[in-house]
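To keep things clear, I will list the structure first and then write my remarks on it.
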Amino acid sequence: DKRPIGVLVMSYGTPESLDGIEAYYTHIRRGHPPTAEQLEDLTSRYKAIVGGVFPLRENTNSQAAALQRKLDELAGKGAYVCYQGLKHAAPFIEDGIAAMAADGIQEAVGLVLTPQYSSMSVGGYLKRAQEEADKQGISFQGVKEYHLHPKLIEALSRRVTEGLEKFGEARADTLVLFSAHSLPAKILEMNDPYADQLLATSAAIAAAAGVDKWQFTWQSAGQTGQPWLGPDILETLEKLASEGVRSVLATPVGFVSDHLEVLYDLDIEARNFAEERHIRLERIRMLNDDPHYMAALADSVMGLANGRN
Ligand code: FEC
């Protein structure tokens, strides 16, 4: 009996429409609805981004489709079947596992569309998938991280090289500023690998691209009244401006798609902040369905399914 292996492709999720923002935000806040002011603030950020109001949905769809094609190419059609499972929007992680069960899948591998592991990010996705798989009687394994996969590093270092070209003669003086989503600082007490893995990804990209002027900074911290990992990108840009840095290439290494945290937090907020301080800020193109990225994902899935990891 050669049944296909189910592949649960997990991503953050985004609202369906402007009307769906409140339910989405309430889910992110674990069932606590946002205040009218918080809702208005988030809605205005979605309205401000270019490239479509909710581009993450389409980008996740094209990543899942491209990964399916890559797995078909490498393992033959019918060996793996991809399903989507989103953290904060339908189809939820549990819906994806339930759809596999309905199709008779008995063995599944899950992976998250972010390369570095944290108990608060990837750990949360995998826990929900495992719990639903247990309920449905599916044997499940999750890819924890792929932050140093050679194909991922190749994809990102190409993006950096291409991004630096935009600066022309200022290229040699340009600082590559790696960034990722902040998390509550309490993860440090839990020996969480997140910060170390992000630095390892950044260092590997810098080495591959032959870049020696680089730093890492956090972005997109939440407002929860507790401390989050810093320094934030705006603080870092302030400091760089005072040191005379005039050109910066923003290089997100934890995000893999065009979405709000890139198109608003970096392209609008950070860029305006930088411009006011006479810094030219450009950004690498996001991976989306980049073929090298898809190869890294397919290899991670197949490695786990074949018991290599
Ligand atoms: O384009 C979109 O519609 C979605 C963009 C989006 C991505 C994303 C990724 C990550 N988040 C992570 C952690 C947190 C924590 C909180 C939190 C809150 C928000 C809010 C929005 C939002 N996140 Fe997100 N995140 C995205 C969007 N995130 C909107 C709520 C309003 C705000 O703070 O701006 C705080 C929750 C709380 O209040 O308790 C923690 C992490 C990632 C990267 C890994 C991943 O993709 O899963 C970590 C994309």
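What follows is calculated from the coordinates using simple rules that are stated; it is not laboratory data. Since this is a predicted model, take the numbers as computed values, not measurements. Glycine gets a Cβ as well: all are built from the backbone with ideal geometry, and neighbour counts include every protein chain shown.
Side notes on the structure shown:
- Restraint check, 47/151; 127/186; 87/186, Cα-Cα greater than 30 Å: 47/151
- Between 132, 94, 16, the Gaussian network model of the chain with springs among Cα atoms under 10 angstrom shows the greatest mean-square fluctuation at 16.
- For residue 82, the residues 5 or more places off, or on other chains, whose built amide H falls under 5 Å of its own are 7.
- Approximate shape of the chain as ellipsoid semi-axes (Cα gyration tensor, √5λ), whole Å, largest first: 33, 24, 17
- Here the Karplus relation 6.51 cos²θ - 1.76 cosθ + 1.60, evaluated at θ = phi - 60°, turns the backbone of region 53-66 into coupling constants of 6, 10, x, 4, 4, 5, 5, 5, 4, 6, 5, 5, 5, 5 Hz, with x for every Gly and Pro.
- Near residue 185: Cβ cut-off under 15 Å, other residues only, Lys/Arg at +1 and Asp/Glu at -1. The net charge is -4.
- Listed peptides 193-200, 258-265 by packing density, highest first (mean Cβ within 10 Å): 258-265, 193-200
- Amide H to amide H, with H built 1.01 Å from N, residue 92 comes under 5 Å of 86, counting only residues 5 or more places away or on other chains.
- Rounded if a/c under 1.5, otherwise prolate or oblate - region 163-309, Cα gyration tensor axes: oblate
- What the pair-distance distribution of region 73-231 shows, using all Cα-Cα distances binned every 10 Å from zero, is 9, 29, 30, 22, 8, 1 percent.
- Only helices enter this figure: runs of n ≥ 4 DSSP H residues, each worth -39500 (n - 2.57), summed and divided by the residues of the chain, yield -13500 deg cm²/dmol at 222 nm to the nearest 500.
- Charge dipole (debye, nearest 20) of the chain; +1 at Cβ of Lys and Arg, -1 at Cβ of Asp and Glu: 560 debye
- Shape of region 66-135, Cα gyration tensor, a/c cut at 1.5: oblate
- With q set to 0.17, 0.20, 0.22 Å⁻¹, the log10 of I(q)/I(0) for region 46-162, from the Debye formula over equal scatterers at the Cα positions, is -1.01, -1.30, -1.42.
- Between region 254-300 and region 163-218, the Cα center-to-center distance that results, in Å: 12 Å
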